[in-house]
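Structure incoming, see below.
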Amino acid sequence: MNLILFGPPGAGKGTQADYLAKDYGFAKLSTGDMLRAAVTSGSALGKQAQSIMAAGQLVPDEIMINLIRDRIQQPDCQKGFILDGFPRTEAQAKALDDMLKSEKKALNHVIELKVDDQQLVERIVGRYSCAKCGAGYHDTFKKPHAAGVCDECGSATFSRREDDKAETVTKRLEAYHRQTAPLLPYYMKVGVLTTIDGLADIDEVTRQIEKVLGTKEKIAAQH
Ligand code: ADP
Ligand code: ADP
Ligand code: ZN
């Protein structure tokens, strides 16, 4: 099963993608994570993307499309994949359709997480993650069980994204409303779109998504 988690920055896509990847055994394809890894490694792609990301703008379509095209052909994607942060423009959505067609893969679900802008700013400004394993946390909404220690790996080093500042967040929200939200009517027309209330707490959002996906593959993944 292949799906898109759709929604503005801070809606909870990455958080939910992590749970779903674990529960269903699907590959999580987060374009933001891929770009940040490229920036950290200092690759040519990273050098190109760094200032664009810092400004809260979108990296050129051609780069993103090639990144995803390579990725969905990998063995870990054959059982299913979750797109987090892609597509973000009409050109990306079109290219995704074409590549799925030529790979003979389906797009089974587009799950939109709906959250209003005011709440998004609070979520993004309070977001941080484990510097060692990448597990995501929030100052108010998702603290580690033991203060200052990562639940997943026990590390005590955390980091915040450079673009998670109030000034940049406004630019990213603008980019979402102008370039990404307009894709929703298309997925609605195709008949794959489900909208979920992203304001509910994290576990409730997971339950709602799993209700849409069904339990069959979840059970299969656990045996
Ligand atoms: P996205 O990937 O859509 O940008 P994240 O999954 O990184 O969003 O979530 C943004 C921040 O909000 C994180 O710090 C996360 O812990 C927190 N968060 C995610 N989902 C919820 C929720 N349903 N309620 C409250 N906080 C949440
Ligand atoms: P968030 O979910 O919080 O918006 P991401 O981690 O998905 O953040 O993306 C961080 C940044 O990486 C974006 O602001 C943008 O600059 C770049 N980026 C990620 N995915 C794409 C994409 N599909 N197209 C263009 N730029 C992207
Ligand atoms: Zn960790």
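Give the residue that is farthest from the chain's Cα centre (by Cα), with candidates limited to residues of segment 93-138 that are away from ligand 3 (no atom under 16 Å from the Cβ) and of a type in the set (S, T, N, Q).
SER102
With a cut-off of at least 1 residues that are within 13 Å of ligand 2 (Cβ to nearest atom) and of a type outside the set (Phe, Trp, Tyr), name the helices (runs of 4 or more DSSP H) lying wholly within segment 114-203.
117-125, 166-175
Count, please, the residues in segment 123-137 that happen to be more than 20 Å from GLY7 (Cα to Cα) and within 7 Å of ligand 1 (Cβ to nearest atom).
Of the residues in segment 123-137, 0 are more than 20 Å from GLY7 (Cα to Cα) and within 7 Å of ligand 1 (Cβ to nearest atom).
Here's something else I'd like to know. List the pairs whose first member sits in segment 127-141 and is in contact (Cβ under 8 Å) with a residue 40 or more places away in the chain, whose second member is assigned to a loop (DSSP other than H, G, I, E, B), and whose Cβ atoms are under 6 Å apart, counting only residues at least 6 apart or on separate chains?
So the pair list comes out as ARG127/ASP164; ALA135/CYS150; ALA135/GLU152.
Are there any pairs with C-beta distances below 8 angstrom linking a residue in segment 148-162 that is within 17 Å of ASP18 (Cβ to Cβ) and charged (D, E, K, R) to a residue that is away from ligand 2 (no atom under 16 Å from the Cβ) and open to solvent by 50 Å² or more (accessible area, probe 1.4 Å), with the two at least 6 apart or on different chains, and if so which?
Every condition considered, the pairs that remain are ASP151/HIS145; GLU152/CYS133.
Only residues that are surrounded by fewer than 18 Cβ atoms within 10 Å (Cβ to Cβ), small (Gly, Ala, Ser) and more than 16 Å from the chain's Cα centre (by Cα): list them for segment 26-46, please.
Listed by number, the residues that qualify are SER41, GLY42, SER43, ALA44, GLY46.
Against the condition of a type in the set (S, T, N, Q) and touching a helix residue (DSSP H, G or I) at 6+ places or on another chain (Cβ under 9 Å), how does GLN74 come out, does it pass?
The answer is no for GLN74.
Can you find a residue in segment 198-210 that is hydrophobic (A, V, I, L, M, F, W, C), exposed (fewer than 14 other Cβ atoms within 10 Å of the Cβ) and more than 16 Å from the chain's Cα centre (by Cα)?
Looking through segment 198-210, none of the residues is hydrophobic (A, V, I, L, M, F, W, C), exposed (fewer than 14 other Cβ atoms within 10 Å of the Cβ) and more than 16 Å from the chain's Cα centre (by Cα).
Just the residues that are more than 15 Å from the chain's Cα centre (by Cα) and either of a type outside the set (Gly, Ala, Ser) or open to solvent by 40 Å² or more (accessible area, probe 1.4 Å) (or both), please, taken from segment 54-70.
ALA54, GLN57, VAL59, PRO60, ASP61, GLU62, ILE63, ILE65, ASN66, ARG69, ASP70, listed by residue number.
Cβ-Cβ under 8 Å, sequence separation 6+ or interchain: first residue in segment 1-24 and among the acidic types (Asp, Glu), partner near ligand 1 (Cβ under 6 Å from one of its atoms) and at pLDDT 95 or above. Which pairs?
Hits for this filter: ASP18/GLY136.
Could I ask something else about it? Does any residue in segment 63-84 that is within 14 Å of LYS105 (Cα to Cα) and touching a residue at least 40 places away in the same chain (Cβ under 8 Å) come within less than 7 Å, Cβ to Cβ, of a residue that is open to solvent by less than 70 Å² (accessible area, probe 1.4 Å) and hydroxyl-bearing (Ser, Thr, Tyr) six or more places away or on a different chain, and which pairs are these?
Close Cβ pairs (under 7 Å, with a partner that is open to solvent by less than 70 Å² (accessible area, probe 1.4 Å) and hydroxyl-bearing (Ser, Thr, Tyr)) amount to GLY80/TYR24.
Still on this structure, I have one more. When you check LYS165 against the structure, is it surrounded by 14 or more Cβ atoms within 10 Å (Cβ to Cβ), under 22 Å from LEU20 (Cα atoms) and at pLDDT below 95, yes or no?
no
Quickly run through segment 144-156 and pick out the residues that are over 20 Å from the mean Cα position of the chain (by Cα) and among the charged types (D, E, K, R).
Residue satisfying the conditions is ASP151 alone.
Next question. Consider ALA200 against the criteria (1) in contact with a strand residue (DSSP E or B) (Cβ under 9 Å, 6 or more places away or on another chain); (2) within 10 Å of ligand 1 (Cβ to nearest atom); (3) not basic (Lys, Arg): it satisfies all of them except one. Which criterion is unmet?
ALA200 satisfies every listed condition except (1).
The values are calculated or read from the model by the stated rules, or taken from the named source; none is laboratory data. Computed from a predicted structure; not experimentally measured. Quick reminder, even Gly has a Cβ in these numbers, built from the backbone with ideal geometry, and neighbours come from all protein chains shown. Just so you know, the surface numbers come from the protein's heavy atoms only, side chains and all, with ligands and any DNA or RNA stripped out. Shrake-Rupley method; radii C 1.70, N 1.55, O 1.52, S 1.80 Å.
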